[in-house]
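Comments concern the structure below.
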Amino acid sequence: MSDLFGNEPFWVILIKSVLIFVILVVFTLFNIWFERRVVAKMQQRIGPNVHGPFGLLQSLADGVKLALKEDIVVNAADKFVYILAPILATIPAFLAWAVIPFGPEVEIPFTDTVTPLQLTDLPVAVLYILAVTSIGVYGIVLAGWSSGSTYSLLGGMRSSAQMISYEVAMGLSLVSVFMYAGSMSTSEIVEAQSDMWFFIPLFPSFVIYMISMVGETNRAPFDLPEAEGELVGGFHTEYSSLKFALFFLAEYVNMVTVSALATTMFLGGWRAPFGIAQVWEGANSGYWPVLWFLGKTLGFIFVFVWLRGTLPRLRYDQFMTFGWKVLIPAALAWTVAVAFIRKLRNEDMINMQILTYVAIAAGVVLIASFFIPEKKAVIEPEPAFDAFAGGYPVPPMPGQVVPRETGADGPRIGKTQSGTTESNEMGESADV
């Protein structure tokens, strides 16, 4: 970790803070356009192509439209919490970038000041990111509760349950990175990947993190808190104008945050891709590493878009079952395995080549296990169901069978209170 952190002039810190904010906002506008264009290609459509070259200004036009729309506060809402919720969801998404490294130490143009391309760093920087990003779910939960809508409340509760289950799996997937790097500092983790990126020896952790980051950001196919087929629009159903835009911004910034964290933890951070540094000595110096970092992050954004345009939405029970019964046990088992392997390496009982083969084999087995269907219990049918047993007709429960009888005047169903069969009106068969 550089000695410059915490000892830089205020104007340097201010410039880096403003640049991070500008990069995230511009990246968000680009990602919205990028998602529309990629999904349009997948669905053989054109996508945005009118506003600006290649439609690049479409996202800006949408932002202006949201800002000019009528701002409505529903009567049933708790006004203070209703307004606070989108702010609480957005701010943590930006705060997480305080410890993300964009590049090495560089010299600021037109000055003699040298500064790392990172706002600051901490000995527990990754824990700071996990803690800050987990606060954002409070904004979603409070938005659902304060809206005074049942659908919004269900969306907020779903989001909190998702965050708990997939945050645990995400945290466990990063434990192996800490053990390999010997540090929780983001800059030191990047430095530890100078010879080999961690996604190779820690491929199972990489796969678990990839799945967990999609689940935690509420993105398709895990967008259950916003499932329009069930919850109209989810936790932000009652929001409009700039408050809705803040939720939209928070979602896309969180996408970039988890993608940047994946780049830092597993893909060498700001280091140049394989082969470039070997033929170009300056690939990992100056401002070029910013390009490599943003390029890797955009690759993860493409995965988000690819999943949205490919996979259907899961049922909520399937989604939670997968998180608690598959991801978390797999992450725990792999963490124990990595700790055991690290112990063997420290005792010189295993080499890097064998370790790489074992990691690849474990990753293949883990991916293959995801395709094994889960056995479901067979529900035995219950005895015949009498809809009029309680004196008032009720529909049957799953597994209950309604007996049908055929009389001279057509199909008959159920019984009256006196025990005699009764046909429905017009002599037609009843649907129960």
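Determine the share of the chain's accessible area contributed by carbon and sulfur atoms, expressed in whole percent, with a 1.4 angstrom probe.
On the way: 15030 of 22550 Å².
About 67 percent, which is the carbon plus sulfur part of the accessible surface.
For the options Lys375, Lys343, Lys41, a Gaussian network treatment of the chain with springs between C-alpha atoms closer than 10 Å singles out Lys375 as fluctuating the most. Helix 352-369 and the long axis of the chain differ in direction by around 20°, with both axes built from C-alpha atoms. What distance in nm lies between label points placed 7 Å from Cα along the C-beta direction at Ile367 and Phe10? My value for the distance between the label points is 5.2 nm.
Rolling a 1.4 Å probe over the protein heavy atoms gives the chain an accessible area of 52 Å² per residue.
May I ask for the Rg/Rh ratio of the chain, computed from Cα atoms with Rh as the Kirkwood radius, given to two decimals? Write out the running numbers ahead of the final one.
Working: Rg = 27.4 Å, Rh = 25.0 Å.
Checking Rg against Rh, the ratio lands at 1.09.
Annotation: extensible slack from Ala61 through Ser241 equals 63.4 nm (criterion: 0.36 nm per residue apart, minus Cα-Cα distance).
For segment 265-385, the Kirkwood hydrodynamic radius from C-alpha pairs, put into Stokes-Einstein at 25 °C and a viscosity of 0.890 mPa s, yields a diffusion coefficient of 128 µm² per second.
Quick one: angle between helix 328-346 and the longest Cα principal axis of the chain, in degrees between 0 and 90, rounded to 10, please. It is inclined by approximately 30 degrees. In order along segment 266-276, the phi-based Karplus estimate (6.51 cos²θ - 1.76 cosθ + 1.60, θ = phi - 60°) of 3J(HN,Hα) comes to 10, 10, x, x, 7, 6, 5, x, 4, x, 6 Hz; Gly and Pro are listed as x.
What's the angle, to the nearest 10 degrees (0 to 90), between helix 150-181's Cα axis and the longest principal axis of the chain? Its long axis makes an angle of about 40 degrees. Rounded, prolate or oblate: pick one for segment 202-347, where a ≥ b ≥ c are the square roots of the eigenvalues of its C-alpha gyration tensor, a/c under 1.5 means rounded, and failing that, prolate if a/b is larger than b/c, else oblate. Oblate, since a/c reaches 1.5 and b/c is not below a/b. Selection among Val303, Gly182, Met255 by position relative to the dipole of the chain gives Val303 as farthest towards the positive end (Cβ unit charges, Cα centre). Between amide H atoms placed 1.01 Å from N, distances below 5 Å from Val106 occur with Thr115, Leu117, all of them 5 or more places distant or on a separate chain. Here segment 113-156 and segment 215-289 have alpha carbon centers that stand 13 Å from each other. Entry for segment 36-172 at q = 0.20 Å⁻¹: log10 I(q)/I(0) = -1.10, Debye formula applied to identical alpha-carbon scatterers, no solvent contribution.
The values are calculated or read from the model by the stated rules, or taken from the named source; none is laboratory data. Note that this is a predicted model, so its numbers are computed, not measured. Every residue, glycine as well, gets a Cβ built from its backbone with ideal geometry; the counts of neighbours run over all protein chains shown. Ligands, DNA and RNA are stripped out before the accessible areas are found, and what is left, the full protein with its side chains, is counted by its heavy atoms. Shrake-Rupley method; radii C 1.70, N 1.55, O 1.52, S 1.80 Å.
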